[in-house]
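None of the figures in this text is laboratory data; all of them are computed from the coordinates on show. Bear in mind that the values here come from a model prediction, so they are computed numbers and not experimental data. When we count neighbours, we look across all protein chains shown, and the Cβ atoms used for this are built from the backbone with ideal geometry, even at glycine.
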Amino acid sequence: MIGNLTRRGMLKTGAAGLTMMISSGAAQRLSAQDGGGQVTIGFSQEPTVMNPHLPHIEVDEGIHFNLFDPLFTIRTDGSFQPALAREVPTVENGGISEDGLSWRVLLREGVTWHDGTPFTAEDVKFTLELQADPAFNAMRRTGHELVRNVQVVNDHEITWEMESPFAPYPSILAWTFIVPAHILGEADDPNTAPFNNSPVGTGAFQFGERVAGNYVMLEAYPDYWGEGPHLDRAIWRYIPDMTVLYTQFRTGDIDVIGLQGIPFDRLDQAEGLDDREIVIAPAATVESFTFNMERPQFKDPAVRQALYHALDKQTIIDAIYYGIPKPTETFLPLQSPYAKTDLETVEYSLDRAREILDEAGWVPGDDGIRVKDGVRLAFTNSTTAGNSVREQTQQFVQQDFADIGVEMTISNLPPAVMWGEYWMQSQFDSVIVGINFPTGADPDVSNYLHSSSISAQGGAGQNTWQYSNPRVDELLEEGGRLFVTDERKAIYDEVQQIVHDDLPFLPMFQYMNLRGHKTGLEGFDPNVNVRIETWNVAEWRWA
C-alpha cells in the first residue's frame with residue numbers, strides 16, 4: 001500500500017492518476033540522500049525480467065542498473081569506474097596478470113544487500129559460477145565460461161584464473177550484476193526462484209512493486225554505499241502506444257520519455273514545448289530486418305540477397321524517420337574504431353532482386369508467389385505491436401517484397417510476448433528489431449554471432465537468428481584473445497565482411513535516439529556503451 005492508496009485503487013485510478021497522486025504527496029517520502037521527489041519514466045515496452053542474468057531485453061536493464069551493481073561500471077567516455085570493486089583491476093595495479101590469466105579483485109567494504117545482509121566475496125563467487133552453470137538459463141556465458149578456480153581470499157578479496165586470455169572480459173564484467181548468494185544460492189532452482197519476481201540487490205534503489213501491464217516502482221535504498229540516490233522513487237510506466245507515450249510526455253504525465261522515445265514526426269513540436277529538454281544522441285543499436293536462418297525460406301543465400309536489394313532503407317529513413325538516422329551496412333556503431341566503414345553498399349533495385357531469384361530457381365506460382373522445391377517464398381514478419389514507425393516500415397517492405405513475388409504477412413505482438421520466448425527461442429520467421437551488438441565499448445559480438453550463443457539450440461546468448469559460420473566462430477574466439485587494437489581490428493573487419501556476405505540480418509540504420517525530459521532534471525546522461533538510457537537514475541536529481 002502507498003499512503004492510503006491500494007494496488008487495486010491504483011489500477012482503478014489508472015497510471016496517470018497514480019503519477020498525479022504520488023507527485024502530489026499521497027505517498028510517504030522515502031530516504032533519498034538529498035532533494036527527493038520522484039521521476040516517472042515512460043517506456044513503450046514493459047520491463048518483465050527482474051533477474052539480470054536470465055534472458056531479457058534492453059528495457060529490463062533499465063531496472064537492473066538501479067537495483068544491482070556490477071564490480072565496476074562503464075562511463076559515457078568508455079572508461080571504467082569502480083562500483084562493488086574498490087578499484088578497477090588492471091595490469092598496472094596488480095589486479096590482472098600481464099598474460100591476462102590471473103585476476104585479483106578487492107571489494108568495497110560496508111556494502112549491504114537491500115535486506116540488510118552484508119555483501120561479501122561469496123556473492124561474487126556465486127554470481128560468476130552461476131553464469132557458467134549449464135543448468136542455469138543464463139543470458140550469456142561468453143567470457144564467463146573461461147573462469148576457473150574462483151577463490152574467496154576473505155570477505156573483501158577474490159581471485160580467479162582464466163582458461164585463456166579474453167580481452168572483452170572487463171566490458172562483460174561491467175554489466176555482470178552481482179546477485180545475492182544467500183538468497184538465490186539457496187533456491188532449489190535459480191531459474192524459477194521467488195527472487196526472480198522479488199529481487200534484492202545492492203543498488204541505489206530497492207524493489208517496490210510491479211503491476212503487470214502498468215508499471216514498475218523502485219524506492220530509494222537508505223543505506224546505499226555510493227553517492228545518491230537523490231530521488232525518493234523512480235517509476236517505469238509501460239505505455240505501448242507511441243502516440244499516447246508522446247502525448248503523456250507533452251502533457252507532463254511522465255517526466256522522461258525513453259526507449260523508443262519521441263516519434264520522429266513529432267521532433268519539431270517537441271523542441272517547441274515549454275519546460276522540456278530534448279536530447280538527440282547516437283546509440284550503438286542497429287535496426288535490422290532479421291531472419292530465422294532455420295526457416296526453409298531463408299536457407300538459400302540468394303533469397304537473403306534478393307530481399308536486401310528489395311529493402312529501400314533510404315526511403316524508409318527519409319519518409320518515416322525524417323532523414324535523421326543514416327543507413328549502415330554493419331552491425332557495429334559507426335563511432336566505434338572497429339567499425340568497417342568500406343563495406344559495399346547494397347543498392348535498392350527490385351529488378352536486381354528479381355534477377356537473383358530467377359537465377360536461383362525461385363519461380364512464380366499461380367498466385368504470383370515464388371516457389372522452389374515445394375517451398376513458397378512466404379513468411380511472417382513481427383515486431384512490437386503499437387510501434388508506429390516499425391509498423392509503417394513493415395508496410396513499405398511488404399509492398400516491395402510483393403513486387404518481386406514474396407509474400408510477407410505482418411504478425412505483430414505485445415512487447416512482453418514479442419520479446420519473450422518468441423524472440424529468445426527463435427519462434428519467429430522474421431523480425432524488425434534494434435540490437436546493440438558490441439559488449440560495451442568492446443567489439444566482441446560473440447553473444448549474437450557465435451554458434452554457441454543460439455539459445456534455441458541449447459546455447460546461452462542472443463543469436464536468435466540461429467546463425468552459424470565456423471569461420472566467424474574461429475575469428476570471434478581469436479579476437480577475444482588479442483589485446484592490441486590494430487590486431488583486433490583486422491579480426492573484426494573480417495567478421496563484418498563475412499556477415500555482410502552471409503546476411504543473417506539486413507542492417508538498415510544506426511539509431512539516433514530522440515529522448516526528452518522535463519527541465520530541471522539533472523544527471524540524464526546518454527551512454528553509447530550501454531543499452532538503455534536509465535542506466536544511472538541514481539545520479540538523477542531535480543534542481
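Just to confirm my numbers, what's the Cα centroid distance between segment 112-186 and segment 216-232 in Å?
Here the two parts' Cα centres lie 24 Å apart.
Between segment 392-430 and segment 458-481, how far is it from one alpha carbon centroid to the other, in angstrom?
Spelled out, the Cα-based centre of one part sits 24 Å from the other.
Using Cα pairs under 8 angstrom and six or more residues apart, how large is the relative contact order of segment 69-185, in percent?
Numbers: 196 pairs, mean separation 34.7, N = 117.
It comes to 30 percent, rounded to a whole number.
Given an 8 Å cut-off on Cα distances and at least 6 residues of separation, report the relative contact order of the chain as a percent.
Answer for the chain is 21 percent.
Within segment 282-512, what percent of beta bridges assigned by DSSP are antiparallel, to the nearest 5?
Counting DSSP beta bridges with both partners in segment 282-512, the antiparallel share is about 70 percent.
Can you put ILE278, ILE320 in order, fewest other beta carbons within 10 Å first?
Arranged by neighbour count, lowest to highest, ILE278, ILE320 become ILE278, ILE320.
With θ taken as phi - 60° and the coefficients 6.51, -1.76 and 1.60, list the Karplus ³J(HN,Hα) couplings across segment 38-52 in order, rounded to whole Hz; mark glycine and proline as x.
9, 10, 10, 10, x, 10, 8, 10, 9, x, 10, 9, 8, 7, x
Whole-Hz ³J(HN,Hα) for each residue in segment 481-495, computed from phi via Karplus 6.51 cos²θ - 1.76 cosθ + 1.60 with θ = phi - 60°, x for glycine and proline: what do you get?
With coefficients 6.51, -1.76 and 1.60, one gets 8, 9, 10, 8, 4, 4, 5, 5, 4, 4, 5, 6, 4, 5, 4 Hz.
Shape of the chain from its Cα gyration tensor (a ≥ b ≥ c, root eigenvalues): rounded if a/c is under 1.5, otherwise prolate when a/b > b/c, or oblate?
The shape class here is oblate.
Classify segment 69-185 as rounded, prolate or oblate, taking a ≥ b ≥ c as the square roots of the eigenvalues of its Cα gyration tensor: rounded when a/c is under 1.5, otherwise prolate if a/b is larger than b/c and oblate if not.
The shape class here is rounded.
Show which aspartates and glutamates lie in cross-link reach of LYS326 when reach means a straight Cα distance below 17 angstrom and same-chain residues fewer than eight apart are skipped.
Within reach: ASP265, GLU287, ASP312, ASP318, ASP342, GLU344, GLU347.
Sorting ASP486, ASP265, ASP274 on the 10 Å Cβ count, fewest up front, what's the list?
Fewest-to-most ranking of ASP486, ASP265, ASP274: ASP274, ASP486, ASP265.
Where does each of SER446, SER97 land when they are ranked from fewest to most other beta-carbon atoms within 10 angstrom?
SER97, SER446
Would you mind checking the pairs LYS313/LYS340; LYS372/LYS489; LYS313/LYS372; LYS313/LYS489 and listing those with alpha carbons more than 29 angstrom apart?
LYS372/LYS489
Can you list the GluC sites (Glu not before Pro) in segment 141-224 that are in a DSSP coil and have 16 or fewer other beta carbons within 10 angstrom?
GLU163
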